[in-house]
Each structure stands twice: as structure tokens, then as C-alpha cells.
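Working notes, beginning with the structure itself.
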Amino acid sequence: MKLRKSLAVAVAGAAAVGLTACAGGAAPTQNGGEGDADTVTFRSWSPIEQTTRQMIEAFEGENEGSSIDATIFNYPEYLVDLQSRASSNTMPDIVGLQPGALTQQYRDNLMPLQDCAAETWGDDWQDRFYPIGIEQSRMGNPEGDENFYSLPILTQTVNLWANSNIFDDAGLEVPKTWDDLKSVTEELSGGDAAPFLLPAKDSWLRNVVFLQIANNVSPGTVYEAEDGTIPWTDPAIVEAFSYWSKLFSDGIAQDGAIGLDAYPSAVNQFEAGNAAMIPLGAWWIQQSDPTKSDIPPLSEGMSGYEPFLFPTIPGGASESQFVGGIDVSLGISKNTANPDLACKVLTDFIAGSGAQKLVNTMNDVPAVTGLSPEEFTSEKQEEIWNLFVDEWLPQVQYSRYFESPKLDQAVADALAAIATGDATPEEAAASVQSVQDTLN
Amino acid sequence: MKILTRERLVGLAFLAPTLILFAVFVVYPIVYNVQASTLDWDGVNAGTFVGAGNYGELFQDPTFLITLRNSAFWIVLTIIPQALIGFLLAVALNQGLRGSTIYRAIFFIPAILSPVVVGIVWQRILDPFNGVLTSLGKAAGLEFLGGNYLTDPKTAIFAVIFVNVWMWTGFSMLFYLAGLQLIEPSLVEAARIDGANGFQTMVRITFPLLKTTTLSLVLLGIIGSLKTFELVYVLTQGGPNHASEMLPTFAFLEAFQLQNVGYASTISVVLLVIAVVSSLSMVRVFGAGFITGDEK
């Protein structure tokens, strides 16, 4: 009995000790970052490991004595790592971020970057970036806070891709209007390939397709709903939900679309030639990475692909709208022991020799203008690259992200409910509004 | 008296390493979680105390109610078929079949595979667009094989449960096989001499003698069901529209995608309470003997 009591006391003591390091506090800020004088730590989910190594080699080659200790994760694991490190004061010197909610969550742990940018590139440094990258870098900042807590390294459009071989064989053009999309889908159905492969299992993909539809229905209206200026039940937004619904009810998307993930399932199918169209984004050009060998025939020099914008919607905008934004951005820990070296690495990765290595792999479109791969493997690949960097990216006006993760999830849930027949477009819009009401 | 105190101290000294590890790796996370569950907190910035507010919100959250329903489905529809099929396989392999070692290995392989690998493979098999079952169904005229099992909210959870049963039945089989090999052959022999046929021997002699194995599997099954994550995450991500959401996937979604660590901690605390109550109920009803191998 007494032993039991002793055990209870011991356990209670341990619990009390546990409480001394309690939950709910802000991350401590008194100590410096992890690195020593000549080393900075870098953690991210992007660029991929192999590319990051090349970028580091390029930087270290130009900066004798400096080193970068990098770890690359899968995105979900990275979120867990970043949160754990931020709350235990072991945040890396440089971190990968996404604009909006993720950057804002860590804002208090991040160093404003405009001075670093100005010292490196001059006072007109913002002109080097695509406008959407600059705009999104401060997405979600409190009113009056003009700091840049992260700077983009890669940007992108979200768009559709066609298998040009399938279109050529069928004598078809990529669809420009909704009616074209329907007729092309009908023409191509019944064959071995899915006419329109929609990997709608992923919430991010549901949302980017919806944002393309919504902006084609009524440019910019969805962001007015996001900031509470108009309700989500606005007719233009309900119509956008309706067109999302028609992807399923009109047989445009393949059977079981809501269960197909983009990576790896759908992209493998598309690259194997089993689909005529797929919604992805500018980053698909990475399939033709000139630094890689053993590239599937369709991806070799982008020979089998053609990018196009989501078709216009009847009664909506006369031209397809450009939707996109930052793929990945970088931030520097406020407590870094090496702010100068961290700044040097960050700016090198964005627009220096590290960035050149990154761009050579065509991982995505760079955040700054004027950077091109040193080698193209085909004229078509170069044409597609130039289309993105010269024509599409500068025109991107509408964000592929929502600011609030709760709203982002609510829209994704609403789209899933429509796809499975659990909700009508009106009910889906109302469900998003009910979440919006909790945010305002 | 002094000797008693000294003995007690020596005893405590022996227990100390375990107690310290228990405190650090079990007690501390629980206390931390319970405390976090009382906060509106994103896991990084300072949280706000909301008392039991998260609990009130959770019990009205329709997704939470779906996770409870799914956990109930999972416990019942995983444990019973898994135990039944595992038992039958074990009985079959215990008959001294030719090549039984190979069969044993084949049936057990899914249990040692990563759930991520299993998830990706089954996703390809069940893909209604051009998955293995769909192609097979088309070739054989069995169209139902190409159904939207993972993508229909009405069937998604059952499809995931089916894959889970496929994965873990070999584990149950191995447990039963070990149990069967401990049964005294004379007991079975005596039953046969008394006129029991094969079915009667299996139902009335063999299965009751494996009670401790069955109860251990039930306990492991309940705990495993409550903490299942990878398979659901890979196969459906808890969708479509949360239809196959389980408590751990829901907690992950809240903590790391919605930046709602306080709410996710509330889910974790509820999960812990359910697991503890279930386990203690088992021990209370059946006694602790099924864990130690002793009868109640």
C-alpha cells in the first residue's frame, strides 16, 4: 500500500516536472540559432534533396569556408519538424515557407528581409521579382506591417496540361471554352486514355481548380468573399461551385476522381500517356529536367505536352484568367547567429549561382525574372519555358491560395461534398460561409 | 523498521529508471496534451486559455462524431474478421500441410510491410479508372469489381477496413498458430476418442483453449484501431469529405494543416480516454490473466 503511495508521489512529481515546461507558451527567443560562425542550417520540403545539394555546392564553391547544413523533408513531416523546432528554440537559420498562413504562423520567429534584399540587389530589388511573388510575400501581414518575412524562390501558374500526341491523333485543339471542353471530352471518351484526369483527392488541387473556375466566372470575386466583402453565397461563387459540380455530373472528370491523388498516381498515369488533359501547373515542366536521364518519352524535351489555361465559362470573363503564385519561399530565423551569412545564402538561392542550379533543373519557374536554364533539350521545351516566364507569370493576378487555413479547408471540404453528391452548390457555398462567419 | 525503509529505498532505486522513463515519455506528454487542450493555440505563438471550450466545440463537431462512428466500425469490423480468418488459417496450417512454412510466410508478409506501401498498392488496385480490379472486372464481365469503393462516402471507411483486415490477418494467424502449438495434443485426442468430430473439436476444445490469445488480440485490436493513421492517410486522407476520418488523422489535420494545436490536443485527450477506458474495461471484465497467460 505504502509502495503504491510512493509510486503515486513519484508519478505526481514527474507530472509536476512536466508542467514546468508547459504547453501554450510562445517560442523562446533569447538564444541564437543552431549554426556556428561559418555554417547556416537550412530545412525545407523544397527544392528536392538532389537539387538542394547542387545549390549548396555552387554556393560553397563561391564562398570558401562557409557551409550549409541542409535537411529536406516531405511536406507533412516538414510541418511537424518546423513546429517542434520553433517551439523548442532550435529553429534552423533558413526555413522553407509558403505564403500566407504558414509564414504568418512563424512571423514572430522570422527576420524582416527587405534590408537583406536591398543590400544585395539595391533599392529597386522588388522589380526583380514577378509582381504576384511580391504581393503574396506579405499576404496576411497585420495592417500596417509592410515587412517581408519571406521571399519567394519559385513561382508558378496553375493551369491545365494536354497530351499533345492524343490531341494530334484525334485532330483536336486544346479547349478554350467550356463548350469546347465538353465536346473534346466527348470526342476522347471511350478510348484508352481518360479525357480529363482530375486528381481530386488532394484538397490543394480541388482548390486550385476551383479558383481557376471562379476567376473565369467572375475575376476576383472569390477574394472579395474571402475578405468578407461579399458572402460566399453570392451568385457568381455559387455558379463557380456549379461548374465544379458539372465536371462530375457532365462526365468530364474520370470515374472515381475524388479518390485519385495527384502525386504519385495521377502524374504517373499522365506521363504514361493514359490521360489527355490534367490540371497541374507550371512545375510540370520539371518532368523534362535536362539534368536527369531516363526520362519517359512524353516528357523528353516536353515533346508530348502542351500547357493551356482553364477554359472560359459561359457568361464569365471573355479570356481565361491567370491564377498562380509562390511555390516556395524562404525565411530567416530572427535568432540566427549568422544573419549576414543567412542573407547571403537566401539571396544566392533566389537569384545567384544556387538559383542557377535550381533553374537548370526546371523545378518550377524562378521567382525573379531574367534567370533561364543553361541548357534546353528541345525547342518545344524552350518555347514552353519562355511562355511561362515571359507571358504567363507576369500576368498572374489571382492567388492560388486562401489566406486562412480554416477557410482553405472549408472550401476543399465543400468541393469534396459537391463531388460526392453530398451537397448542392448552394449548400456548399453556405457551408463555406458558416466557416467564414467564425473567422470574422 | 530501518530494514524495511532501506528495503523500500532499494526497491525504489530499482524502479527509478523505469519510473523516470515512464514520467518523461508517458506522463509528461499526457500532462502537456491535457494542458494544451485547454488552449486556443497554434503550437508556435502564445496560446489563449479557453478552459473546456475546445471540448464543448469538439463534442458538437460533426467530423468528430464521424470519427467516433468510424472507430466503432473499425473496432468491430477489424477485430472479428481478422480473428476469425486468422484462426481458420492457423488451424489449417497446423494440420502439417505440405509447404505450410511457405504459406505461413505468405500470409504474414502483409503485416511486415509498411502501411504506406500497402496503401499505395491498394489504391492502384481499387482505382475505378484503370485499377487492377476494374480491369479484371471489365475482362471478366464483373463490373461491380470496378466500383468507387474508396471514393464513395458510403463505402470509403469499409474499403479501408477491408485493406486493414487483409494486412493484419497474418498477424492474428501467427498468434493463434503459436497458441495452437501449446495445446496439449492429448486433449484433442481425448475429445476425438469421446466421439467429437473435427468441427466440434475446433469449436468446443481448441477455440476455448485459445481464449487468452483471442483476448490479447482483441485488446491489441482495440488499441490499434484507435491509433490507426498511415493506412487511412494514404488511401483516403480521411476523405472524401471526412467520410473515412479517424481520430488520429483528424488530430493531424487540425494540428499541422489547420494550425490548431489546442483543438488537436483535445482530440488526443479524448482518444487517450477512450483507449484507457476500453483497456481497463477489458481487464475488469476478463481479468488481467489474458495478458499474463494466467486464468482469471
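Before moving on, here are some points about what is shown:
- Some residue of the stretch A:192-199 being assigned to a loop (DSSP other than H, G, I, E, B), out of contact with any strand residue (DSSP E or B) (no Cβ under 9 Å at 6 or more places or on another chain) and touching a residue at least 40 places away in the same chain (Cβ under 8 Å): yes
- Residues within the stretch A:252-280 that are at positive phi and in contact with a strand residue (DSSP E or B) (Cβ under 7 Å, 6 or more places away or on another chain), tallied: 1
- Residue tally, condition more than 12 Å from every other protein chain (Cβ to nearest Cβ), in contact with a Leu (Cβ under 9 Å, 6 or more places away or on another chain) and aliphatic (A, V, I, L, M), over the stretch A:69-94: 1
- Helices (runs of 4 or more DSSP H) contained in the stretch B:82-193 and holding at least 3 residues β-branched (Val, Ile, Thr) and surrounded by fewer than 16 Cβ atoms within 10 Å (Cβ to Cβ): B:100-112, B:115-126
- Restricted to the stretch B:230-248, and to residues there that are within 11 Å of another protein chain (Cβ to nearest Cβ) and without any contact (Cβ under 8 Å) to a residue 24 or more places away in the chain, the residue that is farthest from A:Tyr78 (Cα to Cα) is B:Gly238.
- Selected residue (criterion: farthest from the other protein chains (Cβ to nearest Cβ)) from residues of the stretch A:220-242 that are surrounded by fewer than 23 Cβ atoms within 10 Å (Cβ to Cβ) and under 30 Å from B:Ala156 (Cα atoms): A:Glu239
- Scanning the stretch A:383-440 for residues that are polar (S, T, N, Q) and within 12 Å of chain B (Cβ to nearest Cβ) yields A:Ser404, A:Gln409, A:Thr420, A:Ser431, A:Ser434, A:Thr438.
- Residue within the stretch A:258-271 that is outside any helix (DSSP H, G or I) and closer than 27 Å to B:Ser135 by Cα present: yes
- Residue list for the stretch B:8-61, restricted to those being surrounded by 13 or more Cβ atoms within 10 Å (Cβ to Cβ), without any contact (Cβ under 8 Å) to a residue 40 or more places away in the chain, within 27 Å of the chain's Cα centre (by Cα) and in a loop (DSSP other than H, G, I, E, B): B:Asp61
- In the stretch B:249-265, the qualifying residues are those that are at the interface with chain A (Cβ under 8 Å from one of its Cβ atoms) and either over 21 Å from B:Gln35 (Cβ atoms) or touching a His at 6+ places or on another chain (Cβ under 8 Å) (or both), and the one that is surrounded by the most Cβ atoms within 10 Å (Cβ to Cβ) is B:Leu253.
- Single condition A:Leu247 does not satisfy, out of (1) assigned to a loop (DSSP other than H, G, I, E, B); (2) under 22 Å from A:Pro314 (Cβ atoms): (1)
- Filtering A:Ala272, A:Ala266 for residues that are more than 30 Å from A:Leu439 (Cβ to Cβ), under 20 Å from the mean Cα position of the chain (by Cα) and either among the polar types (S, T, N, Q) or modelled with pLDDT under 95 (or both) leaves a single hit, A:Ala266.
- Screening the stretch A:340-368 for residues that are part of a helix (DSSP H, G or I) and among the charged types (D, E, K, R) and picking the one that is farthest from A:Arg128 (Cα to Cα) gives A:Asp340.
- Within the stretch A:253-263, the set of residues being surrounded by fewer than 21 Cβ atoms within 10 Å (Cβ to Cβ) and either more than 7 Å from chain B (Cβ to nearest Cβ) or under 18 Å from A:Thr424 (Cα atoms) (or both) comprises A:Asp261, A:Ala262, A:Tyr263.
- Enumeration of residues in the stretch B:122-181 that are β-branched (Val, Ile, Thr), away from chain A (no Cβ under 14 Å) and within 21 Å of B:Ala243 (Cα to Cα): B:Ile161, B:Val165
- Among the candidates A:Glu119, A:Glu77, residue that is part of a helix (DSSP H, G or I), in contact (Cβ under 8 Å) with a residue 60 or more places away in the chain, surrounded by fewer than 17 Cβ atoms within 10 Å (Cβ to Cβ) and of a type outside the set (S, T, N, Q): A:Glu119
- Single match in B:Gly43, B:Gly47 (criterion: in contact with a strand residue (DSSP E or B) (Cβ under 8 Å, 6 or more places away or on another chain) and either facing chain A (nearest Cβ under 7 Å) or of a type in the set (Ser, Thr, Tyr) (or both)): B:Gly47
- Qualifying residue in the stretch A:377-395 (condition: closer than 15 Å to A:Arg206 by Cα and touching a residue at least 60 places away in the same chain (Cβ under 8 Å)): no
The values are calculated or read from the model by the stated rules, or taken from the named source; none is laboratory data. No experiment lies behind these values; they were computed from the predicted model shown. Here the Cβ is made from the backbone with ideal geometry for all residues, glycine too, and neighbour counts use every protein chain on show.
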